[in-house]
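Reading through the structure tokens given below for one structure.
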């Protein structure tokens with residue numbers, strides 16, 4: 001039974017936000033703050049940083065600053081790593097660019113390790 005998926009929270013702007021998104025973002029922020037965060041070194045991710053002049057620290061700051069307003073979709077099954085947790089997708093503005101961000105949390109001890117699978121426009 002997915003009780004939490006039935007619960008809806010209204011944020012200050014009046015938009016309905018699924019509770020799972022809020023829980024995911026809270027755990028993501030904890031993982032990033034405790035340096036339990038890594039970006040998968042894919043060519044598309046690295047090329048984007050070089051092309052737009054963003055530093056890895058700015059990327060980390062942008063990910064840590066995600067809010068429910070940036071939510072796009074998820075949770076979605078990870079077909080490449082089915083034993084790990086699901087994938088979540090967000091879009092965030094950086095200057096004139098809209099960045100596509102694909103994330104997941106992997107259980108590690110009593111908390112989570114955050115993985116950024118995609119980070120590009």
**Item:** For region 4-120: relative contact order, % (alpha-carbon pairs under 8 angstrom, 6 or more apart)
**Value:** 26 percent
**Fill in**
Computed over the chain: longest principal axis from alpha-carbon atoms vs helix 43-52 long axis, angle to nearest 10 degrees, is 70 degrees
**Item:** Taking 73, 68 and counting other C-beta atoms within 10 Å, the order from fewest to most
**Value:** 73, 68
**Request:** Please report, to two decimal places, log10 I(q)/I(0) for region 11-97 at q = 0.17, 0.21, 0.22 Å⁻¹ as given by the Debye formula with identical point scatterers on the Cα atoms and no solvent.
**Result:** -0.87, -1.26, -1.34
**Asked** When the Cα centres of region 82-117 and region 44-60 are compared, how far apart do they sit, in Å?
**Response** 16 Å
**Asked** Working out 0.36 nm times the residue gap between residue 97 and residue 69, then minus their Cα-Cα distance, what length gain in nm do you get to one decimal?
**Response** 8.4 nm
**Prompt:** Can you give the extra length, in nm with one decimal, that the chain gains between residue 81 and residue 49 once fully stretched, where that is 0.36 nm per residue apart less the Cα-Cα distance?
**Reply:** 9.0 nm
**Asked** If you rank 23, 87 by fewest surrounding Cβ atoms within 10 Å, what's the result?
**Response** 23, 87
**Request:** With both partners inside the chain, how many of the DSSP beta bridges are antiparallel, as a percent to the nearest 5?
**Result:** 90 percent
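Readers should treat all values here as calculations from the given coordinates under stated rules, not as data from a laboratory. If you're wondering where the values come from, they're calculated on a predicted model, not measured in any experiment. When we count neighbours, we look across all protein chains shown, and the Cβ atoms used for this are built from the backbone with ideal geometry, even at glycine.
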